[in-house]
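The values are calculated or read from the model by the stated rules, or taken from the named source; none is laboratory data. The shown structure was predicted, so the numbers you read here are calculated from the model rather than taken from an experiment. As a convention, Cβ positions derive from the backbone with ideal geometry for all residues, glycine included, and neighbour counts pool all protein chains shown.
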Amino acid sequence: MKRSIVLGAGKYLPECRITNDDLTRWMDTTDEWIQQRTGVKSRHFATEGEGVADMCANAARDALKMANMEAKDLEFIILATLSPDYAMPGSGVLVQKYLGCETIGALDVRNQCSGFIYSLSVADQFIRSGMYKNVLVLGGESHSSGLDLSTRGRDISAMFGDGAGAVILGAVDVEEGEEAGILTTHLHSEGHFLRSLWCEQPGSIFRPRMTPEIFNNDRWFPKMKGRFVFTHALRRFPEVMNEALEASGYKVDDLDLFIPHQANLRIIEFVARQIEIPMEKVFTNIQKYGNTTAGTLPICITEAIEENRLKDDDLLLIASFGAGFTWGSVLMRWKTPPALRG
Ligand SMILES: CC(C)(COP(=O)(O)OP(=O)(O)OC[C@H]1O[C@@H](n2cnc3c(N)ncnc32)[C@H](O)[C@@H]1OP(=O)(O)O)[C@@H](O)C(=O)NCCC(=O)NCCS
């Protein structure tokens, strides 16, 4: 039987680091408010000409290095983002070009904060079916060029940052009953609440899509009903985490590490308390990067490896909730990437 393990991981954060104090130059806010309500201390913003595909390609290069592989070894690319470089085509084909891969397929996924979970799940299905052996799974965002950095947009803009992460999923053969890599994935959506966290314009439902009037209104900035999103996140995170544990016959106590999507430190702490997992087993980096949406989880996985938080055979749960609403979880029996084994 084929199973998917992580062969390598990488991250890229733009050089430009923006502290909470820096934000006070543009909006009425304070370092204290942002830290208390969200946990964020700083975030990174991309600069002119630094697109999502550039960031993803940089993260992918590091992942290839860790895996001791070359771009030609990749068979398929999946890229999750809500902030693609261009209206079309998607950013996946740009990464294919930047890495110099042969004409392998490149798929873009539009599932916001759950984009990476959805992408991992799709990659896992390709590997389990035997269609591909090595799949590059990317998540990245360039939020900063689309945020309302005035006081009007401060609820959202204080939370988000730019960055990208990459994971190379590879096939391993396992015997019946043996566990390696991804054990189970669970995906959900509830489009009924799309307007609770969305960016309305420009969109193809408008004729024409872009007008001076659209440019001058504030509907091309993301909008969020913060408290509403907060309460739904508190419900859906534990639900989808338990779904993964139950599907595999495990309990919370069996987990070695939980990597949640990093939207708000308070949400993470509430969820940890609710499912009764100690914070020592919960990975966070929202303090440094804010919410990098599709980039968050692969950045976290990379840092968990770098910080030695993942050991061979650890039980790892990752979960996410975000716009759509969409949410999901992936349970993994972690295997140290072969190229890192002594
Ligand atoms: C956005 C969020 C941090 C706001 O925290 P909150 O405790 O709910 O705060 P509220 O929205 O009730 O706002 C409280 C006040 O702070 C103000 N405020 C909002 N952003 C602010 C900022 N950056 N600085 C200072 N004040 C701010 C609001 O205007 C409001 O003022 P008012 O009471 O005078 O109207 C919180 O709701 C949240 O994290 N929601 C979920 C976010 C999320 O998970 N998103 C998913 C992304 S995938």
Open item on the list: I want to confirm something. Restricting to the stretch 254-277 and keeping residues that are within 16 Å of the ligand (Cβ to nearest atom) and in contact with a Pro (Cβ under 7 Å, 6 or more places away or on another chain), which single residue is nearest to GLY295 (Cα to Cα)?
Closed with: ILE268
Open item on the list: Here's a check for you: in the stretch 18-45, which residue that is part of a loop (DSSP other than H, G, I, E, B) and among the hydroxyl-bearing types (Ser, Thr, Tyr) is farthest from the ligand (Cβ to nearest atom)?
Closed with: THR24
Task: Residue check, ILE127 more than 20 Å from ALA67 (Cβ to Cβ), of a type in the set (Val, Ile, Thr), in contact (Cβ under 8 Å) with a residue 24 or more places away in the chain and surrounded by 20 or more Cβ atoms within 10 Å (Cβ to Cβ) - done: no
- [ ] Among the candidates GLU48, GLU15, single out the residue that is modelled with pLDDT under 95 and either away from the ligand (no atom under 16 Å from the Cβ) or surrounded by fewer than 17 Cβ atoms within 10 Å (Cβ to Cβ) (or both).
- [x] GLU48
TODO: Could you identify the single residue in ASP108, ASP148, ASP124, ASP155 that is farther than 24 Å from GLU303 by Cβ and more than 13 Å from the ligand (Cβ to nearest atom)?
DONE: ASP108
Task: Filter pass, ASN285 being at negative phi and surrounded by fewer than 22 Cβ atoms within 10 Å (Cβ to Cβ) - done: yes
Open item on the list: From the list THR302, THR284, THR296, THR292, exactly one residue is in contact with a Lys or Arg (Cβ under 7 Å, 6 or more places away or on another chain) and more than 15 Å from LEU255 (Cα to Cα). Which is it?
Closed with: THR302
Open item on the list: Can you tell me which of (1) at pLDDT 95 or above; (2) surrounded by fewer than 18 Cβ atoms within 10 Å (Cβ to Cβ); (3) out of contact with any strand residue (DSSP E or B) (no Cβ under 6 Å at 6 or more places or on another chain) is the one PRO222 doesn't meet?
Closed with: (2)
Task: Count - residues of the stretch 88-129 that are assigned to a loop (DSSP other than H, G, I, E, B), at negative phi and at pLDDT 95 or above - done: 10
Open item on the list: Let me confirm something: among LEU183, LEU194, which residue is in a helix (DSSP H, G or I), at negative phi and touching a residue at least 24 places away in the same chain (Cβ under 8 Å)?
Closed with: LEU194
- [ ] Identify the residue in the stretch 136-169 that is of a type in the set (Val, Ile, Thr) and within 18 Å of the chain's Cα centre (by Cα) and, among all such residues, is surrounded by the most Cβ atoms within 10 Å (Cβ to Cβ).
- [x] VAL167
Task: Residues located in the stretch 170-197, provided they are buried (at least 16 other Cβ atoms within 10 Å of the Cβ), among the hydrophobic types (A, V, I, L, M, F, W, C) and farther than 22 Å from ASP314 by Cβ - done: LEU187, PHE193, LEU197
- [ ] Go through (1) among the polar types (S, T, N, Q); (2) in contact (Cβ under 8 Å) with a residue 60 or more places away in the chain; (3) not in a loop (DSSP other than H, G, I, E, B) one by one and return the number of the condition THR284 breaks.
- [x] (3)
